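Data first, discussion second: the structure below is written as structure tokens.
The values are calculated or read from the model by the stated rules, or taken from the named source; none is laboratory data. Because the structure is a prediction, the values reported are computed rather than measured. Cβ sites come from the backbone with ideal geometry, for glycine too, and all protein chains shown count toward neighbours.
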Amino acid sequence: DSCDLIRSQFALLQDFEAGVALDYMAEISEQLLPPAEPNERHYRLLVAVLDHIRAGAQAPLNAEMNREAAGPVPTSSPAGEGNVWRAVTYFTLWAVRLAGFLPQPEDLRGVSEESRRIAAEMLRRPVAEVAPAAWTRRTASDLRRFLVRQIESHIERKLLAAKALEAA
């Protein structure tokens, strides 16, 4: 068995939050997927989320290069600073859904109405199109906590990277 590295995520490690997010997604993938079994839907989820994180990581670099070349330019981007939190929430929701234990929306106990709306939108749209435009660690944090508890209950162990991610 062998594989080829198509795109390196090494550049993302310059951002601490993105690096911890990579650890988080790797741990969830390792725990939810059967060993040595290909899963195309989970693979496509990872590709979409990593592309979204990478797009946000490139936005500040591109803005800095433009600023040096042509003076001050705006640095905001749809995949800007909060894209890690959007990507992590999106990944967690879809990982739980693909694993087959995502509860019905009315059974999301302890999750705010705003987070339920975000979850419903995430299930209908690609990660880059999910609102709100400005994401922070607090955006849908109750939804992330709920989903992490669902995963931990399913795998019968604590996720180590989840705690590190929320502390990042």
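Yes or no, residue by residue, for (1) free of Cβ contacts under 8 Å to residues at least 24 places away in the same chain; (2) assigned to a helix (DSSP H, G or I); (3) in contact with a Phe, Trp or Tyr (Cβ under 8 Å, 6 or more places away or on another chain); (4) not acidic (Asp, Glu):
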position	(1), (2), (3), (4)
SER8	yes, no, no, yes
LEU13	yes, yes, no, yes
GLY19	yes, yes, no, yes
MET25	no, yes, yes, yes
GLU30	yes, yes, no, no
ALA36	yes, no, no, yes
ARG41	no, yes, no, yes
LEU46	no, yes, yes, yes
VAL49	no, yes, yes, yes
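Just need a number here: residues in region 139-168 that are part of a loop (DSSP other than H, G, I, E, B) and either crowded, with 18+ Cβ neighbours inside 10 Å or touching a helix residue (DSSP H, G or I) at 6+ places or on another chain (Cβ under 8 Å) (or both). Lay out the reasoning, then the answer.
Here is the first cut: in region 139-168, the ones part of a loop (DSSP other than H, G, I, E, B) are 139-140, 156-159, 168.
Filter once more, so that each one left must be either crowded, with 18+ Cβ neighbours inside 10 Å or touching a helix residue (DSSP H, G or I) at 6+ places or on another chain (Cβ under 8 Å) (or both): 139-140, 157-159, 168.
Result for region 139-168: 6.
Please go through region 98-138 and pick out each residue that is within 14 Å of the chain's Cα centre (by Cα), surrounded by fewer than 20 Cβ atoms within 10 Å (Cβ to Cβ) and touching a residue at least 24 places away in the same chain (Cβ under 8 Å).
Residues satisfying the conditions are LEU123, PRO126, ALA128, THR136, ARG137.
Results for (1) closer than 16 Å to HIS52 by Cβ; (2) among the charged types (D, E, K, R), shown as yes or no for each residue.
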residue: PRO105; (1), (2): no, no
residue: ARG109; (1), (2): no, yes
residue: ARG117; (1), (2): no, yes
residue: GLU121; (1), (2): yes, yes
residue: TRP135; (1), (2): yes, no
residue: ASP142; (1), (2): no, yes
residue: LEU160; (1), (2): no, no
residue: ALA164; (1), (2): no, no
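As an exercise: evaluate ARG145 against (1) farther than 19 Å from LEU98 by Cβ; (2) modelled with pLDDT under 95 and give the number of the one condition it does not meet.
(2)
Taking ALA95, is it surrounded by 20 or more Cβ atoms within 10 Å (Cβ to Cβ), of a type outside the set (Val, Ile, Thr) and closer than 24 Å to GLY19 by Cα? Break it down stepwise before answering.
Working: surrounded by 20 or more Cβ atoms within 10 Å (Cβ to Cβ): yes; of a type outside the set (Val, Ile, Thr): yes; closer than 24 Å to GLY19 by Cα: yes.
Yes.
For region 117-138: of the residues being touching a Phe, Trp or Tyr at 6+ places or on another chain (Cβ under 9 Å) and outside any loop (DSSP other than H, G, I, E, B), which is farthest from GLN104 (Cα to Cα)?
VAL127
So, in region 15-57, of the ones that are under 16 Å from VAL127 (Cβ atoms) and of a type in the set (Phe, Trp, Tyr), which residue ends up surrounded by the most Cβ atoms within 10 Å (Cβ to Cβ)?
Of everything passing the filter in region 15-57, TYR24 is surrounded by the most Cβ atoms within 10 Å (Cβ to Cβ).
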